[in-house]
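Notes to accompany the following structure.
What follows is calculated from the coordinates using simple rules that are stated; it is not laboratory data. Just so it is clear, the structure is predicted and the values come from calculations on it, not from any experiment. Here the Cβ is made from the backbone with ideal geometry for all residues, glycine too, and neighbour counts use every protein chain on show.
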Amino acid sequence: MATRGQGIRRLLVAGLAYLICAGFPSFLKADKPYFVTYDAQMEEPGNLEVAFYPVLGLPQTGQRFWGAWMELEYGAKGWWTTEFYLDGQSTRGESSLFTGYRWENRFRPLAGQHWINPVLYLEFEDINGADKTLLEVVNHDSVNDLAVPNHQARTERLREVEAKLILSSNYKGWNISENFIGEKNLSNVPWEFGYAVGVSRPLALAASSRPCSFCRENFHAGVEFYGGLGTWYQFGFSGTSQYVGPLVTWELPNGTTFKIEPTFGLNRNSLRALIRFGFSYEIPRFDRVVRRWFR
Amino acid sequence: MIPRVDGSSSVGRTGSARRVLPAVVASMLITSLAVAAHRPSKEDGPAAQLSKAPRSAQSLQNPFAGQSEAAAAGHKLFEQHCAQCHGSDARGLEHAADLHSAPIRDAPPGVLFWALRNGRVRKGMPSWSQLPDQQIWQVVTYLKALK
């Protein structure tokens, strides 16, 4: 009889196989290039993107773990994108568990293109202390927080609001994005801060004329840096964890996007290494599909 | 109670289920709200949008002008990024513009480049600034080759 952990793993493998094999039409849009950093790209109105992001954690002490989140991103308006996340994790020798959910919204206040394009981000999350997705790093988060056994960590409930100022620029094929993060636990805890910075570029700027999977324009390469910035009372890099990760994105013509990012901790507070994976596809004009259901 | 590897019991599992249920309900509610919020905006017409292009856009030169290879690449990009709203024949679906219409056919290439790069976010036309300039020019080349 399969254990619960095996069941979850089988479900994940089946989900991945479905994403890879699904014959979605070719008119699908590229996913955002980064894992942690946001750029100013909004979801197209009416489109729904379904994505799955596993992350393998390799701490210097403690057990290896898999964190994962499933993401549903919907373009409600040209200036408003809403996303819903379900988080989970599995720690070697311990257990697999659902760790909570997040609801985020991104708003683009300015129309048109500018040298720097701002986007405002607002998120509510209800997760527990065992969450290991590392979707953002704030405060003095460290590798020690991740070493707490699941049965203890899961008892801590984190209801938080998170705000980000996303700034993004596109220049000669390069994307440069900066995120400033402020997070507030709804209990009596001070504001916590963090940042993320990403730079990326497609391997070819012009598209080839024939449909192809391995054309250079289908690949993006880049790097992102992220880490904590302390709290309202102890602002700065001291005691924080910091990461750097080179990344590669591959967009298949059938609309499926694969991403990988080996991430390395830059100081003793950080995990030794993380390997992030990403699979996503987009359902174009999901709003039309839903309207058809109710017709 | 079923003992588990992490020392917790089936009570913990029930607690987990209690947390999953609100999450699923919340996801359905949020999706419904977002879908309900999305109404395709009424298009003012491509002429109105193109008339807002700055003068500097009119003088931009298409580096791929008249190149059939670039038009073919532009067609591929159009299918990937534009056809879901404008249709594979570029005649426009629902509220999206007919790209064969006179204002677009007669617009200088630089103005079309500007329109693609900036989009019309409040009216539902996304900005394609994340595409490299070369790819936007390839789409413009394709639009100019439409018969």
### Query
Other chains near A:72-78: what is the mean number of their Cβ atoms within 10 Å of each residue's Cβ?
6
### Task
Fewest Cβ neighbours within 10 Å first, please rank B:H100, B:H75, A:H140 accordingly.
B:H100, A:H140, B:H75
### Task
Would you look at the GNM of chain A, springs on alpha carbons closer than 10 Å, and say which of A:A206, A:A153, A:A130 moves the most?
A:A206
### Query
Tell me, what is the FRET efficiency for B:Q61 and A:I116 to the nearest 0.05, using R0 = 35 angstrom and their Cβ-Cβ distance as r?
0.85
### Query
What list do you get for A:K172, A:K32 if you sort them by fewest beta carbons within 10 Å?
A:K172, A:K32
## Note on the structure
In a Gaussian network model of chain A with springs linking alpha carbons closer than 10 Å, the residue among A:F124, A:F193, A:F237 that fluctuates most is A:F237
### Query
Which one of A:A68, A:A273, A:A204 has the biggest mean-square fluctuation once chain A is modelled by GNM with Cα springs under 10 Å?
A:A204
### Residue order, fewest to most surrounding Cβ atoms within 10 angstrom, among B:S129, B:S101, A:S213
A:S213, B:S101, B:S129
### Query
Considering amide H positions built from the backbone, and no H for Pro or chain starts, which residues 5 or more places from A:D141, or on another chain, come under 5 Å of its amide H?
A:S241
